[in-house]
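Remarks on the structure that follows.
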Amino acid sequence: MKILYISTVFPRPEQNSTIYTDLAEELKNKGNEIVVVASDGSSDFEQTQLKEERGLKVLRVKTGKMYDVGIIQKGLSVVTLKFYLINAIKKYLKYESFDFILFETPPITSADVVKWAMKYFHCPSYLMLKDIFPQNAVDIGLMKKNGIIHNFFRYKEEQLYKVSSVIGCMSKANRKYILEHNKWIDKNKVSIFPNTKQIQSMELISKDFTIRKKYGIPLNSIVAIYGGNMGKPQGLDFFIEIMRANKENKDIFFVLVGRGTERNNIRDFLISENIQNAKLLDALPRQDYEKLVIESDIGLIFLSRNFSIPNFPSRILSYFEYGLPVLAATDINTDFGDMIEASNAGYWSEAGNIESFNTNLNKLINDKKKRETMGLNGRRYLKENYSVSKSVDILNEFYNGIVVAD
């Protein structure tokens, strides 16, 4: 297969690896040719260039900044994105041909670029749907339903689904939601495309607590780690309730790693209430973060209780990979809790139910054997269901369908 992968979240090698870089590298390792077109709004990236990264041909396009910025700047960057990408593709890839186009959302405005590219290269597309916007923004109060802005983005969402030859959803509940709320979509073009990752060998995983020492995390405490975005979608007000309820609990130490709009609120809470059994860290170098996960005992997942759409956080993959049992608190509309139960790799609570969460937390605090068993269950479940090779197999099936149709 020869694939054009258009992405807004494809980090440079020195930054980190993600589910997207894992997929691109695995596609190449399986003998496919892949060209990545990656937008890059970083202040230290000055001009568009075509070069090799991770053994892949990557066209890195200078665009406006879309992450960790205000809503106005982000909006301008999203609107102008398609012009930067289309111009770069025309300049650097005009003599290329592709079997299909792979892309992810957010942002939903990627549809404009993909629609153009499908005509330009005469090939179909495969959408990896990672969020359902604008409904998720409505759920957490960032947008008014049926307002002018909402209606505009709802129109763009519909265009996204129309443009996509296949829509790959993260879970069964995700797929069901898309079909129920967009009844005009042919159900045969909506498939399951789960979040997956490259899995390290257990032989490479060791626990020597060097990172705990480096960042001042108690060596004798049971560490519960939250790593990732700290924004409205995560509903971290509930995490604050949890830390407040456990501030005198000497058996647990919470570590929070990441950035986002709610980070300052968490920092202010920890300072104002003098929380001694928690530490807030900025985004860490990839190696340090992975080592910190390895040296932790429990992995934490949070989603806003207000979501009506079924999300499926990819953060759980790293917890499973390193054998951490998971404590999750989410809305009731996701099937994430069903997965936790099926894997027997942790406990799920409804976001907002502090009693249920603390009961589950104490089960893990008080039973080391259970933590270890659930951690191993999670790693086994990851290998069986969320290995990156599964994603490659799905794309192979899509490609074979194209060939048969031709």
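No value in this document is a laboratory result; all are computed from the given coordinates. Not measured: the values here are computed from a predicted model. Virtual Cβ from ideal backbone geometry, glycine too; neighbours counted across all protein chains shown.
Rounded to a whole number of µm²/s, how large is the Stokes-Einstein D of the stretch 202-385 at 10 °C and 1.306 mPa s, given Rh as the Kirkwood radius over C-alpha pairs? Walk me through the intermediate numbers first.
Working: Rh = 16.3 Å.
Translational diffusion coefficient: 97 µm²/s.
Rounded to the nearest 0.05, what FRET efficiency do Lys183 and His150 give with R0 = 22 Å and r taken as the Cβ-Cβ distance? Could you check?
0.70
Under a point spin-label approximation (7 Å from Cα along Cα-to-Cβ), what is the Glu241-Asp282 distance to one decimal in nm?
About 3.2 nm, to one decimal.
Considering only Ser391, Leu281, Tyr92, whose Cα is most displaced toward the positive end of the charge dipole of the chain, charges sitting on Cβ of Lys, Arg (+1) and Asp, Glu (-1)?
Tyr92
Could you order peptides 15-28, 349-362 by the average number of other Cβ atoms within 10 Å of their residues, highest first?
Top to bottom by mean Cβ count within 10 Å: 15-28, 349-362.
For the pair Ser191/Ser97, report the inter-label distance in nm, with labels modelled 7 Å from Cα in the Cβ direction.
2.3 nm
Helix 19-29 versus the longest principal axis of the chain: what is the Cα-based angle in degrees, 0 to 90, to the nearest 10?
Relative to the chain, helix 19-29 is tipped by roughly 60 degrees.
Calculate, in nm to one decimal, what Lys370 and Glu33 gain on full extension: separation in residues at 0.36 nm each, minus their alpha carbon distance.
Here the answer is 116.9 nm.
Check cross-link reach from Lys369 to the aspartates and glutamates: straight Cα distance under 20 Å, and skip same-chain residues fewer than eight apart.
Asp208, Asp251, Glu295, Asp297, Glu321, Glu341
Enumerate the whole-percent occupancy of each 10 Å bin, from 0 to the last occupied one, for all C-alpha pair distances of the stretch 352-406.
Going out from 0 Å in 10 Å bins, the stretch 352-406 shows 20, 23, 23, 16, 12, 6 percent.
Compute a Gaussian network model of the chain, connecting alpha carbons closer than 10 Å, and tell me which residue from Gly41, Gly299, Gly147 fluctuates the most.
It is Gly147.
Modelled label-to-label distance, Met202 and Lys363, 7 Å Cα→beta-carbon offset: nm?
Those two pseudo-labels are separated by 2.3 nm.
Please report how far the C-alpha centroid of the stretch 124-197 lies from that of the stretch 19-94, rounded to the nearest whole angstrom.
What the calculation gives is 22 Å, centre to centre.
Given charges of +1 on the Cβ of Lys and Arg and -1 on the Cβ of Asp and Glu, with all other atoms neutral, how large is the dipole of the chain about its Cα centre, in debye to the nearest 20? Present the calculation step by step, with values, prior to reporting the outcome.
Values: 55 positive and 48 negative charges, 124 e Å.
In debye, rounded to 20, the chain gives about 600.
Kindly provide the Kirkwood hydrodynamic radius of the stretch 1-124 in Å, to one decimal, from all pairs of distinct alpha carbon atoms.
14.7 Å
Using r as the Cβ-Cβ distance of Asp338 and Thr18, and R0 as 22 Å, what FRET efficiency do you calculate, to the nearest 0.05?
Once rounded, the FRET efficiency stands at 0.30.
Mind ranking 320-327, 42-49, 274-281 by how tightly packed they are, going by the mean number of other C-beta atoms within 10 angstrom, highest first?
320-327, 274-281, 42-49
Compute the length gained on full extension between Asn385 and Ile271: take 0.36 nm times their separation in residues and subtract their Cα-Cα distance, giving the result in nm to one decimal.
Result for the pair: 36.9 nm of gain on full extension.
Would you kindly give the portion of the calculated P(r) for the chain that falls above 26 Å, as a percent of all Cα pairs?
Of all Cα-Cα distances in the chain, 55 percent exceed 26 Å.
Once you've got the Cα coordinates, tell me which of Lys250/Lys291; Lys197/Lys232; Lys51/Lys279; Lys189/Lys232; Lys172/Lys291 are over 29 Å apart.
On the way: Lys250/Lys291 23 Å; Lys197/Lys232 25 Å; Lys51/Lys279 39 Å; Lys189/Lys232 31 Å; Lys172/Lys291 32 Å.
From the list (Lys250/Lys291; Lys197/Lys232; Lys51/Lys279; Lys189/Lys232; Lys172/Lys291), the Cα-Cα distance tops 29 Å for Lys51/Lys279; Lys189/Lys232; Lys172/Lys291.
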